[in-house]
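The values are calculated or read from the model by the stated rules, or taken from the named source; none is laboratory data. Because the structure is predicted, anything quoted here is derived from the model rather than measured. Using ideal geometry, Cβ is built from the backbone for each residue, glycine included, and neighbour counts are taken over all protein chains shown. Only protein heavy atoms, including side chains, enter the accessible area calculation; ligands, DNA and RNA are left aside. Shrake-Rupley method; radii C 1.70, N 1.55, O 1.52, S 1.80 Å.
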Amino acid sequence: MCFVVTTIIVLLNSCEKNQPPICQITYPEDGTEFNIGEAILITVYADDQDGNINEVMFYINDIEVSSSNNFPYSYNWDTSNEEDGIKTILVKAKDTEGISSTDEISIILNAKFTDSRDSHKYEWVKIGDQIWMAANLAY
């Protein structure tokens, strides 16, 4: 009888499958607007209920830009050389068994500066490593 019970327990335990890890972008939020030239710290919550996270990979518009093997999972994205428009950020968390999960958001990079006092938008230009306004403030 003991052999039958042990066999059933072994069979039930062997039927358990590896669960995919949890993967969630915690910053920035979907739809957030940034100005070109800002550094954006992309942060990710990743956890594996039945094992360990092996790697978290960061993609900008389908191009892998970084990976992290240690908590906290983050990537500091320098947008200085980016074009304006909508950018897709995708992160992929992979566990030690090779199972993965992804999360994806879109952000907007602006080539204009918005004055918070009157919401007036100003164009700017990048000269070398410096950013200059292309017009005087209207405020």
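Within the range 4-54, the set of residues being closer than 30 Å to ILE107 by Cβ, at pLDDT below 90 and of a type in the set (Gly, Ala, Ser) comprises just one member, GLY37. State yes or no: is GLU33 open to solvent by 50 Å² or more (accessible area, probe 1.4 Å), of a type in the set (Asp, Glu) and closer than 30 Å to LYS17 by Cβ? In short, no. Looking across the range 36-80, the residues that are within 30 Å of ILE127 (Cα to Cα), touching a residue at least 40 places away in the same chain (Cβ under 8 Å), surrounded by fewer than 16 Cβ atoms within 10 Å (Cβ to Cβ) and not charged (D, E, K, R) come down to ALA39, SER80.
When residues in the range 103-119 are screened for being touching a strand residue (DSSP E or B) at 6+ places or on another chain (Cβ under 9 Å) and open to solvent by less than 80 Å² (accessible area, probe 1.4 Å), 10 of them pass.
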